[in-house]
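Contents: one structure, followed by commentary.
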């Protein structure tokens, strides 16, 4: 069994979307997930979409 280490307080989590982009109806879900991670003390680094 693999036991993964816990993230430390203040750890940075990078968030990105697939190369096809994120469907418009999922934008609010992504924003609320990022807000929840920030509220738990994590730093969030968002990927930049390039076309």
Nearest 10 degrees, 0 to 90: helix 27-39 Cα axis against the chain principal axis: 20
Please sort 21-31, 1-11, 37-47 by packing, taking for each peptide the average over its residues of neighbouring beta carbons within 10 angstrom, highest first. 37-47, 21-31, 1-11
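How high is the relative contact order of the chain? Use alpha-carbon pairs under 8 Å, at least six apart in sequence, and give a whole percent. Provide the component values of the computation, followed by the final result.
Working: 33 pairs, mean separation 28.2, N = 51.
It comes to 55 percent, rounded to a whole number.
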For the chain, what percent of Cα pairs sit more than 14 Å apart? 61
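Bear in mind these aren't lab numbers, they're just calculated from the coordinates by the rules spelled out. Only a predicted model underlies this, so the values are computations on that prediction, with no experimental measurement involved. Cβ sites come from the backbone with ideal geometry, for glycine too, and all protein chains shown count toward neighbours.
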